[in-house]
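Trainee: Structure below; questions to follow.
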Amino acid sequence: MKCTGPSGWVATSGRGASWWLLSPGLFWVGLFFFVPLCLVSAISFAERGLYGGIVWSFSLTNYSDLWHPLYARILGQSVLLAAVTALLCLVMGFPLAYYIARAAPNRQGIWLLLVMIPFWTNFLVRTYAWMFILRTEGLLNTLMLKAGLITAPIELLYSNTAVVIGLVYGYLPFMVLPLYVALERVDRTLVEAAWDLYATRWAVLWRIIVPLARPGIMAGCLLVFIPSLGAFLTPDLLGGARSMMVGNLIQHEFLIARDWPLGAAISCVLMVFVLSMMGWSLRVTRPLSREEPES
Amino acid sequence: MKRMGGWLWHASLANLFFLYGPIAVLILFSFNASRLSATWQGWSWQWYRALWANQSLLDAAANSLWVAAVSTVLALLFGVGLALGLEGLPWKRQRQIEQALLLPLVIPEVMMGVSLLLFFVLIQVPLSLTTVLLGHAVFNVPVVMIIVRARLRKLDPRLLEAAADLGASYWESLRHVTIPLLRPSIVGAGLMAFTISLDDFIVTFFTAGPGATTLPLRVYSMIKSGMSPEINALSALFVMVSMGLIGLSLLLQRR
């Protein structure tokens, strides 16, 4: 046979057919995803009409408006909250991922499933669960009052802390999975060798395990950071008036302030930021994964 | 490692407690007799009965099911086509197209909602349940594509070679060999897409017209207008339906 894999086989007999199969889907995603995105970037250069419509023109005012302290603060805060979320997920998820990677192979699947199941339940419902726990008359306050830990309910909900809790809760599985993949590949004999050479726990962790797991750590942080940065529901439901994030700002500009060009400009900034982070991470992690087969 | 085993085990359990505790609490308190929902006053089914009697919720549920069903069918048509078609392209081109098609899953969902809203307004299509399901059919296409493609990669190429040796054309072998072998993963992908559509809030929020209320939109407005045990009951139902569907989907993908 000339060809080895299924792709090779199809390539010889059906390249024309492939395009027939591809084109409806490409057309669909192009029309309802890429065209709208292009429209958003086009509108970000337009101006707002008197009653909230769009006046087509070419101006950069929407982008220069973003430097206004009000918007800059929200953008900065979003990056900060998303970074804190990624860091907390890393700290919490690392032991779990390490435990799963070192568990018996037949147990690993079950553990991974246990990590993923909450992710597959409705995000809105999961956020609501935290409202139920954290609010003033909520479960946590009720329990603490009964236990005599506090004398009056404390305000837990509607704060940046609540937002970070909600984000960590929502995206922890995104951290655990890539970490697990990376840690599972770490050569156990290297760790054993370090123990034999009387390395301390911390030395094993920082000098052997963490460097080897770096691609997984980076992938996990990115997978948590990106959706946290663009989060809408979590800050909307758990955050207070001062915990607005980019997602809420975009929604506000589009649906409430009806300043579509400004909303579009914020969206474009977010998109460029997200895409450049992705591109950067691909470039940083690719050399690492290319080395792997050799080592 | 063994030397850290005890500590790791406890940290892992703490993680699971963190992941499952809130959901468990939510479900438990959906059976609470008290309206002051954070103190336990005994078991009751009353909030579930209240849901059943609420006509606007039932209407929203019907809307959600309709949107999920139609958008799943669309996503399956496009997604399976993409998965099959990509196999026939040169490796480099495959990667390029795949990466572009994964973008809907990567960019923040708010942006997708906003851009669809803008698109529909600019081409003067009034927002309705139809615009919602069109949007859902977009983000579900890559979901279907990924799942079906994963299965396609594992198929034995000799089966296709055998079909070709027996004189089957490309389309004939697709119909009689490839598609039947892919069927479990296609059904699994469909269930996954159906669940994601059923659960979606953000894209729906931006693309829904007046009166086009789906269940998550209804839950959202209930939450915004104040907590009530009915929301717990509705949430508990949501959790169970999602978990059931996803469990089924994973079983089918494994086969």
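Trainee: Looking only at the range B:14-50, filter to residues that are assigned to a helix (DSSP H, G or I) and over 25 Å from the mean Cα position of the chain (by Cα); which one of those is nearest to A:GLU137 (Cα to Cα)?
Mentor: Our first condition is that a residue be assigned to a helix (DSSP H, G or I); within the range B:14-50, this holds for B:14-29, B:46-50.
If we keep only those that are over 25 Å from the mean Cα position of the chain (by Cα) as well, we get B:14, B:29, B:46-47, B:49-50.
Values: B:ALA14: 25, B:PHE29: 14, B:GLN46: 21, B:TRP47: 19, B:ARG49: 25, B:ALA50: 23 Å.
Restricting to residues being assigned to a helix (DSSP H, G or I) and over 25 Å from the mean Cα position of the chain (by Cα), the top hit is B:PHE29.
Trainee: Any residue at all in the range A:210-226 that's within 13 Å of another protein chain (Cβ to nearest Cβ), outside any helix (DSSP H, G or I) and of a type in the set (A, V, I, L, M, F, W, C)?
Mentor: No: zero hits.
Trainee: While we're looking at this one, here's another question. Only one residue in B:PHE194, B:PHE205 is aromatic (Phe, Trp, Tyr), away from chain A (no Cβ under 11 Å), within 26 Å of B:LEU118 (Cα to Cα) and assigned to a helix (DSSP H, G or I), so which one is that? I'd like the intermediate steps shown before the answer.
Mentor: On the way: B:PHE205 fails: away from chain A (no Cβ under 11 Å).
Answer to the check: B:PHE194.
Trainee: Shifting gears a bit: State which residue is surrounded by the fewest Cβ atoms within 10 Å (Cβ to Cβ) when the search covers only the range A:100-150 and only residues that are among the hydroxyl-bearing types (Ser, Thr, Tyr) and touching a helix residue (DSSP H, G or I) at 6+ places or on another chain (Cβ under 9 Å). Please lay out each step first, then the result.
Mentor: Kept after step one, since they are among the hydroxyl-bearing types (Ser, Thr, Tyr), are these residues of the range A:100-150: A:121, A:127-128, A:136, A:142.
Filter once more, keeping what is touching a helix residue (DSSP H, G or I) at 6+ places or on another chain (Cβ under 9 Å): A:121, A:127-128.
Values: A:THR121: 22, A:THR127: 26, A:TYR128: 26.
So, considering only residues that are among the hydroxyl-bearing types (Ser, Thr, Tyr) and touching a helix residue (DSSP H, G or I) at 6+ places or on another chain (Cβ under 9 Å), the one surrounded by the fewest Cβ atoms within 10 Å (Cβ to Cβ) is A:THR121.
Okay, residues lined up against (1) touching a Phe, Trp or Tyr at 6+ places or on another chain (Cβ under 9 Å); (2) buried (at least 20 other Cβ atoms within 10 Å of the Cβ):
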{"site": "A:LEU179", "(1), (2)": "yes, yes"}
{"site": "A:VAL191", "(1), (2)": "no, no"}
{"site": "A:LEU237", "(1), (2)": "yes, yes"}
{"site": "A:GLY240", "(1), (2)": "yes, no"}
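Trainee: Starting from residues that are aliphatic (A, V, I, L, M) and free of Cβ contacts under 8 Å to residues at least 40 places away in the same chain, keep the ones in the range A:110-132 and report whichever is farthest from the other protein chains (Cβ to nearest Cβ). Before the answer, list the steps.
Mentor: To start, the set of residues in the range A:110-132 that are aliphatic (A, V, I, L, M) comprises A:110, A:112-117, A:124-125, A:129, A:131.
Cutting the leftovers down to free of Cβ contacts under 8 Å to residues at least 40 places away in the same chain gives us A:110, A:113-114, A:117, A:125, A:129.
On the way: A:ILE110: 11, A:LEU113: 8, A:LEU114: 6, A:ILE117: 6, A:VAL125: 4, A:ALA129: 4 Å.
That would be A:ILE110.
Trainee: Looking only at the range B:182-209, which residues are more than 19 Å from B:VAL143 (Cβ to Cβ) and at pLDDT 90 or above? Outline the logic, then answer.
Mentor: Residues of the range B:182-209 more than 19 Å from B:VAL143 (Cβ to Cβ): B:205-206, B:208-209.
Correct list: B:PHE205, B:PHE206, B:ALA208.
Trainee: Consider B:PRO210 against the criteria (1) within 11 Å of another protein chain (Cβ to nearest Cβ); (2) of a type outside the set (Ser, Thr, Tyr); (3) more than 30 Å from B:LEU36 (Cβ to Cβ): it satisfies all of them except one. Which criterion is unmet?
Mentor: (1)
Trainee: Taking only the range A:37-76 into account, find how many residues are assigned to a loop (DSSP other than H, G, I, E, B), closer than 17 Å to B:PHE119 by Cα and polar (S, T, N, Q). Don't jump to the end; show me each part of the working.
Mentor: Looking only at the range A:37-76, we keep the residues that are assigned to a loop (DSSP other than H, G, I, E, B), and these are A:44-46, A:49-53, A:56-60, A:66-68.
When the remaining residues are screened for being closer than 17 Å to B:PHE119 by Cα, the result is A:44-46, A:52-53, A:56.
Still in the running and polar (S, T, N, Q): A:44.
The number of residues fulfilling the criteria is 1.
Trainee: When you go through (1) small (Gly, Ala, Ser); (2) out of contact with any Gly (no Cβ under 8 Å at 6 or more places or on another chain); (3) surrounded by fewer than 23 Cβ atoms within 10 Å (Cβ to Cβ) one by one for A:GLY166, which number turns out not to apply?
Mentor: (3) is the only condition that A:GLY166 fails.
Trainee: If you scan the range A:257-271, which residues turn out to be at pLDDT 90 or above and away from chain B (no Cβ under 11 Å)?
Mentor: Once the filter is applied, which keeps residues that are at pLDDT 90 or above and away from chain B (no Cβ under 11 Å), the range A:257-271 yields A:LEU262, A:ALA265.
The values are calculated or read from the model by the stated rules, or taken from the named source; none is laboratory data. Here the structure is a predicted model, which means the values were calculated and not measured. When we count neighbours, we look across all protein chains shown, and the Cβ atoms used for this are built from the backbone with ideal geometry, even at glycine.
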